[in-house]
1. To the nearest µm²/s, what D does Stokes-Einstein give for the range 5-74 at 25 °C and 0.890 mPa s, using the Kirkwood radius over alpha carbon pairs as Rh?
2. Given Cβ point charges of +1 (Lys, Arg) and -1 (Asp, Glu) and nothing else, what value in debye, to the nearest 20, does the dipole of the range 5-74 about its Cα centre take?
3. Considering only the other residues whose Cβ falls under 14 Å of the Cβ of LEU19, what net charge follows from Lys and Arg at +1 and Asp and Glu at -1?
Amino acid sequence: MKNTLGDLNNHLFAQLERLSDEDIKGEELVEEIERARAVTSIANQIVLNGTLVLKAQKFHTEYKSKDLQKPKMLEG
């Protein structure tokens, strides 16, 4: 599975469009709101993970040495 931050952005906009649908009412709207909360929670974790990877890469670049191995997460 190859998901990118661009894919995440597309999913978030698709969710926004579903929430903006004025034909959704009642229980269906409540379910969509709950789905939006779940998507938002996961999206936040993905962004935090990306931030951590970026910080680790910057640290690795700044303090590069033979003794410092790059985390496997940053490989490939």
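Values quoted throughout were computed directly from the atomic coordinates according to the rules given, and no laboratory measurement underlies them. Remember, predicted model here, so these are calculated numbers, not experimental data. Every residue, glycine as well, gets a Cβ built from its backbone with ideal geometry; the counts of neighbours run over all protein chains shown.
1. For the chosen part, D equals 167 µm²/s.
2. It works out to roughly 1000 debye.
3. -4
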